[in-house]
Amino acid sequence: MEKGEMSRRSFLSAVAWSALALAGCGSMQGDEGAGEAAHRVEMVTNVGGINDQGFCQLSWAGLQRLRDEQGYEVSYIESKQDSDYASNLDKAIDYGAEFVWAIGFAMSDAVAFTAKINPDVNVGFGIVDANTSGAPNLTGVLFAAQEPSFVVGYIAGRCTKTNRVGFVGGISSDNIYAFEYGYVAGVTYAARELGHEITVDRQYAESFTDSAKGKSIAQKMFVAGADIVYHAAGGTGVGVIEAAQETDNFAIGVDLDQSYLAPNNVLTSAIKRVDQALVDLTPKLISGELAGGTDVILTLADGEYMGIPQNHEHMPEEVYQDALAVIEKIRTGEIVVPANEAEYETYLAQG
């Protein structure tokens, strides 16, 4: 997809997440659109489930918008464990879906296999946060998560009073490394600007669903002197926010504006508008305007798909405005954000 197809408007407005309230969530939930000719789209969640306060919930919000705004028939199937992925994708086909979205990189092997063994059925497949693996009927949608992570890292570096901050990751993977190293690079950028060292404590929970473990890790970081902790850990990260609230420190949210979870203790969030991506891309994939077998990579330069919330009551106005300037430098290529350890080492060497 050409970037020109994407809106260039800056996404910096807060989102009314109360609209995401969900009711009656069983293993399969349907919301049918009007009209017999409506396109039918199924979504299969990862183990985080539809109420993960993040990625899956946001994806479902996007499909609900397709239902409400364009008359699509939409439904989801929740996966309770990794072994459910393949069977749930098969169920989505059996339910008569015209297009099936798999949510999360953990589903990449299952959806690649399902797409490859179903090349002739009248259904397309998409996966969020993973590439296509070469299947011509599968589209990957990826976000340059290191970029908004750099911005919130910069904010953390500017706002810390202890010169110590933290990062809690979910399951170790290239996807989450992008969050980690983008964040650390942003903290480093702020530290250089301020002229002093800032320590970044880092730990992986190896889970996206264990909020108790996320809370325990964050509590230890706060006890050790960190006063701001960023998470990229799905449901595990809810525990990080709880720890910030209980210790009167700050957490940084991910994927959506998570300030609603703890209004006094969420400093900002690194937003990935998965909902907007699904609203924009699904019709193009169904119509054939966008061919399968390709990856769509969304960056800060694409405007509305990533950013930070407009709400910034817990940081000085100067810091917020400087963060917006950092976003613009990333958009123009003045700042190239690292997405892994090797790229981070190069970033450091460049001064």
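Sort 133-146, 277-290 by packing, meaning the average of other beta carbons within 10 Å per residue, with the highest value first.
Values: 133-146: 21.9, 277-290: 18.5.
The most tightly packed comes first, giving 133-146, 277-290.
Considering Cα pairs under 8 angstrom that are at least six residues apart, work out the relative contact order of the stretch 121-267 and quote it in whole percent. Write down the numbers at each step before the final one.
Working: 314 pairs, mean separation 30.3, N = 147.
This gives 21 percent for the stretch 121-267.
Quick one: grab the alpha carbon gyration tensor of the stretch 44-132, order the square roots of its eigenvalues as a ≥ b ≥ c, and give me rounded if a/c is under 1.5, else prolate or oblate depending on whether a/b is larger than b/c. Mind dumping the intermediate values first?
On the way: a/c = 1.70, a/b = 1.11, b/c = 1.53.
Note, shape of the stretch 44-132 comes out oblate.
Over the heavy atoms of Arg164, what accessible area does a 1.4 Å probe trace out, to the nearest 10 Å²?
Number for this one is 80 Å².
Classify the stretch 264-351 as rounded, prolate or oblate from the Cα gyration tensor: take a ≥ b ≥ c as the square roots of its eigenvalues, call it rounded if a/c is under 1.5, otherwise prolate when a/b beats b/c and oblate if not.
On the way: a/c = 2.53, a/b = 1.38, b/c = 1.83.
Because a/c hits 1.5 or more and a/b fails to exceed b/c, the stretch 264-351 counts as oblate.
Report relative contact order for the chain in percent, whole number only (criteria: Cα-Cα under 8 Å, sequence separation at least 6). Please report the intermediate quantities before stating the final value.
Working: 800 pairs, mean separation 68.8, N = 351.
Taking the mean separation of contacting Cα pairs over the length of the chain, I get 20 percent.
Under the Karplus relation 6.51 cos²θ - 1.76 cosθ + 1.60, θ = phi - 60°, what is the ordered set of whole-Hz ³J(HN,Hα) values for the stretch 185-198, x standing for Gly and Pro?
Rounded to whole hertz, the list is 5, x, 4, 4, 4, 5, 4, 5, 5, 7, x, 8, 7, 10.
How much mean residue ellipticity at 222 nm does the chain get from its helices, if each DSSP H run of length 4 or more adds -39500 (n - 2.57) and you divide by all residues, to the nearest 500 deg cm²/dmol?
Details: 10 runs with 136 residues, N = 351.
Value at 222 nm, helices only, nearest 500: -12500 deg cm²/dmol.
Where only protein heavy atoms count, and the probe is 1.4 Å, what is the accessible area per residue for the stretch 274-351 in Å²? Mind dumping the intermediate values first?
Numbers: 3460 Å² over 78 residues.
Heavy-atom accessible area per residue stands at 44 Å².
To the nearest 10 degrees, how steep is helix 317-332 against the longest Cα principal axis of the chain, on a 0 to 90 scale?
Computed tilt is about 50 degrees.
Please work out how much length the chain gains when fully extended from Phe113 to Ser87, using 0.36 nm per residue of separation minus the C-alpha to C-alpha distance, in nm with one decimal.
Details: separation 26, 0.36 × 26 = 9.36 nm, distance 1.14 nm.
Length gained between Phe113 and Ser87: 8.2 nm.
Only Lys, Arg, Asp and Glu count, each charged at its Cβ (+1, +1, -1, -1), so figure out the dipole size of the chain about its Cα centre, rounded to 20 debye. The partial results should precede the final answer.
On the way: 22 positive and 48 negative charges, 101 e Å.
Its charge dipole is roughly 480 debye.
Tell me which residues come under 5 Å, amide H to amide H, from Arg202 once H is placed; ignore anything under 5 positions away on its chain.
Counting only residues 5 or more places away or on other chains, the set is Phe167.
Taking the highest mean first, how do the peptides 223-235, 292-304, 206-218 order by number of other beta carbon atoms within 10 angstrom per residue?
Details: 223-235: 24.4, 292-304: 19.1, 206-218: 21.2.
My ranking of the peptides, most packed first, is 223-235, 206-218, 292-304.
Does the chain come out rounded, prolate or oblate, given a ≥ b ≥ c as the square roots of the eigenvalues of its C-alpha gyration tensor, rounded meaning a/c under 1.5 and, failing that, prolate meaning a/b above b/c? Intermediate results must be reported in sequence, preceding the final value.
Working: a/c = 1.86, a/b = 1.63, b/c = 1.14.
It comes out prolate by the Cα gyration axes.
For the stretch 259-265, take each phi angle, set θ = phi - 60°, evaluate the Karplus expression 6.51 cos²θ - 1.76 cosθ + 1.60, and give the result in whole Hz per residue in order, putting x for glycine and proline.
Taking θ as phi minus 60°, the curve returns 5, 5, 6, 7, x, 8, 9 Hz for the stretch 259-265.
Heavy atoms only, probe 1.4 angstrom, no DNA, RNA or ligands counted: give me Thr346, Thr188 ranked by accessible area, highest first. If you can, show how the numbers build up before the last one.
On the way: Thr346 75, Thr188 25 Å².
So, going from the largest accessible area down, we get Thr346, Thr188.
Could I have the simple spin-label model distance between Leu194 and Glu345, label points 7 Å from Cα toward Cβ, reported in nm to one decimal?
2.7
Among 126-132, 309-315, what's the highest-first ranking by average C-beta atoms within 10 angstrom per residue?
Working: 126-132: 24.7, 309-315: 15.9.
Highest to lowest by the protection proxy: 126-132, 309-315.
How far is helix 146-159 tilted off the main Cα axis of the chain, in degrees rounded to 10, range 0 to 90?
Here the helix axis deviates by roughly 30 degrees.
Considering only Cα-Cα distances, which of the following residue pairs are longer than 29 Å: Lys215/Lys329; Lys161/Lys215; Lys91/Lys213; Lys80/Lys116; Lys272/Lys329; Lys215/Lys272? Mind showing how you got there, number by number?
Numbers: Lys215/Lys329 34 Å; Lys161/Lys215 21 Å; Lys91/Lys213 33 Å; Lys80/Lys116 24 Å; Lys272/Lys329 19 Å; Lys215/Lys272 23 Å.
Lys215/Lys329; Lys91/Lys213, as the Cα separations exceed 29 Å there.
Tell me, what % of the accessible area of the chain is carbon and sulfur with a 1.4 angstrom probe?
Values: 6430 of 13840 Å².
Ligands and nucleic acids excluded, carbon and sulfur reach 46 percent.
Taking θ as phi - 60°, what are the ³J(HN,Hα) couplings along the stretch 81-86 by the Karplus curve (6.51, -1.76, 1.60), each to the nearest whole Hz, with x for Gly and Pro?
Result, ordered by residue: 8, 4, 5, 7, 4, 4 Hz.
The values are calculated or read from the model by the stated rules, or taken from the named source; none is laboratory data. The structure presented is a predicted model; accordingly, all values stated were derived computationally and were not measured. Cβ atoms come from the backbone with ideal geometry, glycine included; neighbour counts cover every protein chain shown. To get the accessible areas, we keep the full protein, side chains included, count just its heavy atoms, and leave off ligands, DNA and RNA. Shrake-Rupley method; radii C 1.70, N 1.55, O 1.52, S 1.80 Å.
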